[in-house]
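Right, one structure below, let's go through it.
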Amino acid sequence: MSMDRRQFLKIAGSSTFLATIGIGAGWILSKPGDFLEASQFSQTKELLNAKQWAMVVDTRKFKTEEDYKKVVDACHRIHNVPNFDNPKDEVKWIWTDTYKHAFPGQENEFMPEQMKHKPFVLLCNHCENPPCVRVCPTKATFKRKDGITMQDLHRCIGCRYCMAACPFGARSFNYRDPRPFIKEPNPEYPSRMIGVVEKCTFCEERLAKGQMPACVEASNGALVFGDIADPKSEIRKILETNYTIRRKAELGTRPSVYYILEIPTSDISGGDSNA
Amino acid sequence: MLEKALVGSKRYWTWIFFLLAVVGIGFITYLQQFKMGLGITGLSRDVSWGLYIGQFTFLVGVAASAVMLVIPYYLHDFKKFSKIVILGEFLAVSAVTMCILFIFVDMGQPMRIMNVVLHPTPNSIMFWDSVVLGGYLGLNIIIGWATLHADKKGVKPAAWVKPLIYLSIPWAVSIHTVTAFLYAGLPGRHFWLSAIMAARFLASAFAGGPALLIILALIVRKFTKFDPGKEAIQAISKIVTYAMIANVFFLVLEIFTAAYSTIPGHTHPFKYLYFGLEGHARLVPLMWTSSILAIVSLVLLIFPAIRRNESMLALACIALFVSLWIDKGFGLIIGGFVPNMFEKVTEYWPTAPEALITIGVWGVGFLVLTILYKVAVSVREETAGVELEH
């Protein structure tokens, strides 16, 4: 059978086309199970289990600068968080800011001075409805069964969509190679590479070993950590007996970090009224 | 047909080598970024998208604008567009190519780009954006090539091209709608959280893209024997005029909602862009330049007597293109990040390497455009005088 050039090209072209379709269809039809998601890895025996991990920040117990520093350092040291001394490239997992910036729109100019200037501990809120997870194009950031908003740093493509989506500014991008800027590297925890996004993980590596998050351990009871889905948990008792607020709760992301405020009050004069 | 891009005048080759040099400089600079990371750009923890993503957004609009020629020609049988429609389709190919490159150079881990395909994530708008952009690129290459090939032979395009052309119309709308959705659905980014975002994107696209096309058509006519048609250019100028009016109208709607409600989250980005916020005013001169150019272009376009003068029309199109380039390719992205999530102002300005990489990507776009236009023009020069019918 003879074949002219035109026929050959037709057959070659259409078979390439069909092969492409076939490979594409194979990918689409392949079951989700074909890809092992990071959330499917088996967990250790010692694991502290929960449905939704949450944290209460008792701001009344943060008194001195040292109280904040201990908490921030504990986290940044064990997680190999670099220090660039440069706000542009900054990487941070837990940090502090004033009321006005932590709870924008809630401040008023006449509030007690001590409250205006008091630092508030800020970190990833591990939202129950996280926008960062919703926007991630590769499932590199995902919600674990225990409520932790986690990321797979080996899958992250560095598009920074999650940074645009997070209303809490919780995410940092490795604009530069972080390794030369880690003061005392902790060999027990991986350092990151250039070009990926990272943030607080609620110390999932410590929870897996039955330990509390590092910041909680360093906080002398100022940070309380527990399963908010468990009605008998300590954190639930605290939430039931204290007035707490969350950052930007109106956005509907359902943050899992709650704040107990130190509310200075005074007897309001004219106390002989009926009230 | 591609062989036609390999023969050309001295001027053609000078232009090609100039573009190759621009691309080369951009590429070498990109290698530096690849090694050092995005730290060599002006991007920061607070302003995490900048010039690259702005250019991407702007160019999606340029790509989508081809539909403004396809609709009149293929749906309304507007014969005057018969020669120019191919220029629109090939412009779309060039624009989408640049879009993909801008996304690529913006990535922290570009070697992992296939993760978007390997782990398809339908809840991410970015996933859908890659799907619609890839599809649009394919559609325009196939349609442009098939129709041009048919013209070369003096026959009608194959029957299977028509359905693809019809498909390309809603597809063009989809690429810019999905791109707007990248921004318009993020809680906490008040500047972007606007239902009119996609409509505004389309209006600016249908103004900016065809304006660029008019400029390109005038250049093609000046330097080649191929005439896209005076009446075609005039018809496009009307499209540009209406679309620009709609675009400015939509911007005014945004400003009204922010200014009259006085809700801080909504007003702050506008204040930052047009007046400066807390003493930070780096974008103010740019944004007013954009506004003034928008008004200038509208004055020149709205009066028929002025826009019929092709020199004035060219001037109007350049003013309009620059205005939209600033507004959408820069201000729109930065405004979403300033002030940041803590109501603090961190400013952004591109660095020299970032600018060189950006110019390099535009160089690739112009290279693709030049080659495709060279092919189209050569074919058309050969078939000059033959009435085309699709």
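Quick look at the values:
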{"read-out": "Looking only at region B:124-166, and only at residues there that are out of contact with any His (no Cβ under 7 Å at 6 or more places or on another chain), part of a helix (DSSP H, G or I) and polar (S, T, N, Q), the one that is surrounded by the most Cβ atoms within 10 Å (Cβ to Cβ)", "value": "B:ASN140"}
{"read-out": "Single residue of A:ILE157, A:ILE94 found to be buried (at least 23 other Cβ atoms within 10 Å of the Cβ) and within 26 Å of B:GLU347 (Cβ to Cβ)", "value": "A:ILE94"}
{"read-out": "Total residues in region A:146-186, condition more than 9 Å from chain B (Cβ to nearest Cβ) and either more than 18 Å from the chain's Cα centre (by Cα) or of a type in the set (Lys, Arg) (or both)", "value": "9"}
{"read-out": "Test result for B:PRO122, closer than 30 Å to B:LYS35 by Cβ and within 11 Å of another protein chain (Cβ to nearest Cβ)", "value": "no"}
{"read-out": "Sole exception among (1) surrounded by fewer than 24 Cβ atoms within 10 Å (Cβ to Cβ); (2) of a type outside the set (Gly, Ala, Ser); (3) modelled with pLDDT under 95; (4) not in a loop (DSSP other than H, G, I, E, B) for B:LEU87, by number", "value": "(1)"}
{"read-out": "Answer from A:PRO131, A:PRO87, A:PRO104 - the residue that is within 10 Å of chain B (Cβ to nearest Cβ) and more than 30 Å from A:ASP177 (Cα to Cα)", "value": "A:PRO104"}
{"read-out": "Residue selected from region B:93-119 under the condition at the interface with chain A (Cβ under 7 Å from one of its Cβ atoms) and assigned to a loop (DSSP other than H, G, I, E, B), by the criterion farthest from A:GLY158 (Cα to Cα)", "value": "B:HIS119"}
{"read-out": "Residue satisfying condition, being modelled with pLDDT under 95 and more than 14 Å from chain A (Cβ to nearest Cβ), within set B:GLY188, B:GLY154, B:GLY209", "value": "B:GLY154"}
{"read-out": "Pair list, Cβ under 8 Å, 6 or more apart: region B:343-355 residue within 12 Å of another protein chain (Cβ to nearest Cβ), other residue among the small types (Gly, Ala, Ser) and surrounded by fewer than 16 Cβ atoms within 10 Å (Cβ to Cβ)", "value": "B:GLU343/A:GLY105"}
{"read-out": "Failed item in (1) without any contact (Cβ under 8 Å) to a residue 24 or more places away in the chain; (2) in contact with a helix residue (DSSP H, G or I) (Cβ under 8 Å, 6 or more places away or on another chain); (3) more than 10 Å from every other protein chain (Cβ to nearest Cβ), with A:GLU113 passing the rest", "value": "(2)"}
{"read-out": "Where A:GLU240 falls short, out of the listed (1) in a helix (DSSP H, G or I); (2) closer than 18 Å to A:VAL121 by Cα", "value": "(2)"}
{"read-out": "Lone qualifier among A:PHE202, A:PHE225 - being in contact (Cβ under 8 Å) with a residue 12 or more places away in the chain, in contact with a strand residue (DSSP E or B) (Cβ under 7 Å, 6 or more places away or on another chain) and at positive phi", "value": "A:PHE202"}
{"read-out": "Residue in region B:113-121 that is among the hydrophobic types (A, V, I, L, M, F, W, C), in contact with a Leu (Cβ under 8 Å, 6 or more places away or on another chain) and closer than 23 Å to B:LEU186 by Cα present", "value": "no"}
{"read-out": "Within region B:70-93, tally of residues that are within 18 Å of B:ARG380 (Cα to Cα) and either charged (D, E, K, R) or more than 13 Å from the chain's Cα centre (by Cα) (or both)", "value": "11"}
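The values are calculated or read from the model by the stated rules, or taken from the named source; none is laboratory data. A quick note: this is a predicted structure, and the numbers were derived from the prediction, not measured. So basically every Cβ, Gly included, is an ideal-geometry build from the backbone, and we count neighbours across all protein chains shown.
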